[in-house]
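Some notes on the structure that comes next.
The values are calculated or read from the model by the stated rules, or taken from the named source; none is laboratory data. Keep in mind that this is a model prediction, so the values were computed, not measured. Using ideal geometry, Cβ is built from the backbone for each residue, glycine included, and neighbour counts are taken over all protein chains shown. For the accessible areas, the whole protein counts, side chains as well, though only heavy atoms, and no ligand, DNA or RNA atoms are used. Shrake-Rupley method; radii C 1.70, N 1.55, O 1.52, S 1.80 Å.
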Amino acid sequence: ATEALAGDADGSTSADDLAYPFRGTHQAGIVTPAQDRLHFAAFDVITDDRDELIALLTAWTEAAERMTRGAGAGPIGPTQGAADLPPDDTGEAIGLPPSGLTLTFGFGPGLFTDARGRDRFGIAERRPAALEELPHFPGDQLIASRSGGDLCVQACAQDPQVAVHAIRNLARIGFGTVSVRWSQLGFGRTSTTSTSQSTPRNLFGFKDGTANVKAEETDALSEHVWVQDGDDLAAGWLTGGSYLVARRINMTIETWDRQPLADQEGFIGRTKDTGAPLSGGGEFTAPDFEMPGSDGTVIPATAHVRVVHPDNNAGARMLRRGYNFVDGTDDLGGLNAGLFFIAYVRDPRTGFIPVQTAMARHDALMEYLKVTGSALFAVPPGVGEGEYVGQSLFA
Ligand SMILES: C=CC1=C(C)c2cc3[nH]c(cc4nc(cc5[nH]c(cc1n2)c(C)c5CCC(=O)O)C(CCC(=O)O)=C4C)c(C)c3C=C
Ligand SMILES: [Fe+2]
């Protein structure tokens with residue numbers, strides 16, 4: 001049997017050989033230095049059988065642990081099984097290194113109660129109070145088939161083929177228990193999650209991730225990202241986990257590209273070159289929102305970084321982990337492109353909803369954005385030895 005898929009033919013090592021352990025205190029893929037590629041999938045659970053759901057989570061755990069270390073999805077391998085059976089791995093990752101693959105699992109509100117309020121799996125009483133569909137924000141133009149979901153898997157890797165292989169195999173394993181509701185490919189991370197990383201750029205051409213919560217800020221992670229003991233007495237199983245907010249945000253690229261540089265910088269509140277605040281200094285200098293300018297303040301009242309800044313949102317911070325996307329072109333030849341925004345927060349009611357509301361109401365960027373997808377998931381804590389992902393919810 002060939003278990004391992006990893007290993008370069010020439011025996012060389014590279015950053016792609018990096019393998020993150022699947023098990024740990026927190027799930028990988030949150031504070032892990034953001035990889036360059038994403039395949040994110042949301043699933044509908046199509047069974048009402050609790051044992052089938054647990055069997056799926058167990059099978060997903062085993063496959064995820066294998067794939068993140070660069071092995072195949074199943075123990076036999078893509079080419080070594082019986083000729084009259086489908087292989088337990090689809091094969092497109094043969095010879096590819098682990099590529100820093102992380103797989104992060106989340107539970108949507110519909111897993112706890114369905115649209116008719118039915119407790120499908122005997123877990124309704126353990127639904128976290130914060131796990132409700134996000135409200136409709138001004139300017140949302142949501143597409144139902146790009147929103148929601150009972151389960152989600154965020155696959156991040158340095159190689160898109162590795163991320164796609166992981167989602168494809170998890171969907172294959174889930175055949176008959178789950179169906180893919182929607183999925184999104186992303187490239188060019190739009191955030192840094194570690195001080196060891198340089199700041200990337202989004203499709204507006206601006207540095208994105210400068211003021212993000214970083215892995216090294218352990219106190220900030222406890223305060224803003226990880227669910228703490230006692231946060232929700234009915235949902236103690238979520239302690240050590242987080243909430244994942246996903247927003248598919250289309251950007252009207254062609255209109256943006258016709259705006260003068262100074263206007264673009266005013267919409268963001270930072271310079272396009274270095275990413276420094278318009279009030280001066282370098283990329284990591286704190287913005288001075290009071291500094292007077294020729295017309296009001298140097299950083300405009302509607303600048304994105306002012307509107308979403310913690311000082312203007314009761315101290316709220318979030319760990320952003322989004323990706324650029326381009327899904328071809330629309331009927332008019334414009335790019336169907338934008339930012340697949342992902343944020344991890346300790347509580348979306350204080351950590352995300354007020355910030356998104358302020359943005360929808362006051363942010364100059366909104367004229368160039370259209371939110372086409374939206375979802376919220378509770379992300380269980382890390383998986384211990386011998387456990388399956390989310391086990392504390394079913395214990
Ligand atoms: C509701 C939360 C946020 C959404 C949605 C969002 C969308 C969005 N952001 C950019 C570009 C930038 N955002 C930047 C900073 C920034 N953005 C948010 C929140 C949301 N952004 C926060 C909390 C922050 C940090 C604010 C701070 O503490 O200073 C920046 C500046 C660089 C940086 O700090 O990352 C840019 C650029 C786009 C294009 C976008 C939607 C498509
Ligand atoms: Fe932003």
request  = Just order 360-367, 118-125 by mean Cβ neighbour count inside 10 Å, highest at the front, would you?
outcome  = 360-367, 118-125
ask   = Mind checking which of 117, 29, 77 has the largest fluctuation in a GNM of the chain, springs on alpha carbons under 10 Å?
value = 117
note = Rounded to the nearest 10, the angle in degrees between the Cα long axis of helix 160-173 and the longest principal axis of the Cα atoms of the chain comes to 50 degrees
Protection-proxy order for peptides 333-341, 62-70, each taking the mean of Cβ atoms within 10 Å per residue, highest first = 62-70, 333-341
Between 0 and 90°, nearest 10: helix 50-68 axis offset from the chain longest Cα axis = 80 degrees
query = If you line up the long axis of helix 353-362 against the longest principal axis of the chain, both from Cα atoms, how many degrees apart are they, to the nearest 10?
reply = 40 degrees
ask   = Over region 197-351, what is the relative contact order in whole percent, taking alpha-carbon pairs under 8 Å and six or more residues apart?
value = 30 percent
query = How much net charge surrounds residue 172 when only other residues with a Cβ under 11 Å from its Cβ are counted (Lys, Arg +1; Asp, Glu -1)?
reply = -1
ask   = Under the classification rounded if a/c is under 1.5, otherwise prolate if a/b is larger than b/c and oblate if not, where does region 65-217 fall, given a ≥ b ≥ c as square roots of the Cα gyration tensor eigenvalues?
value = oblate
request  = Would you work out if region 28-110 is rounded, prolate or oblate? Take a ≥ b ≥ c from the square roots of the eigenvalues of the alpha-carbon gyration tensor; rounded if a/c is under 1.5, else prolate when a/b is larger than b/c, oblate otherwise.
outcome  = oblate
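Counting every Cα pair in the chain, what percent are over 30 Å apart?
41 percent
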task = May I ask which residue of 390, 77, 222 lies farthest towards the positive end of the charge dipole of the chain, with charges of +1 (Lys, Arg) and -1 (Asp, Glu) on Cβ and the Cα centre as origin?
result = 222
task = Starting from the Cα coordinates of region 288-395, work out the convex hull volume and express it per residue in Å³.
result = 167 Å³
ask   = Would you list 126, 349 from the most to the least accessible area, probe 1.4 Å?
value = 349, 126
Gap separating the Cα centres of region 79-139 and region 25-45, nearest whole Å = 11 Å
task = For region 137-190, just say rounded, prolate or oblate: build the C-alpha gyration tensor, square-root its eigenvalues into a ≥ b ≥ c, call rounded for a/c under 1.5, and beyond that prolate if a/b exceeds b/c, oblate if not.
result = oblate
message = Please report, in whole Å³, the volume per residue of the convex hull around the C-alpha atoms of region 200-340.
response = 145 Å³
note = Per region 226-270, sqrt(5λ) over the Cα gyration tensor eigenvalues, sorted largest first, in Å, gives 42, 13, 6
remark   = Sorted largest first, the C-alpha extents of region 248-293 along its principal axes in whole angstrom are 31, 24, 18
request  = Collect residues whose amide H, placed 1.01 Å from N in the peptide plane, falls under 5 Å from the amide H of residue 279; neighbours closer than 5 in sequence don't count.
outcome  = 288
key: Alpha carbon convex hull of region 70-146, volume per residue in cubic angstrom   = 227 Å³
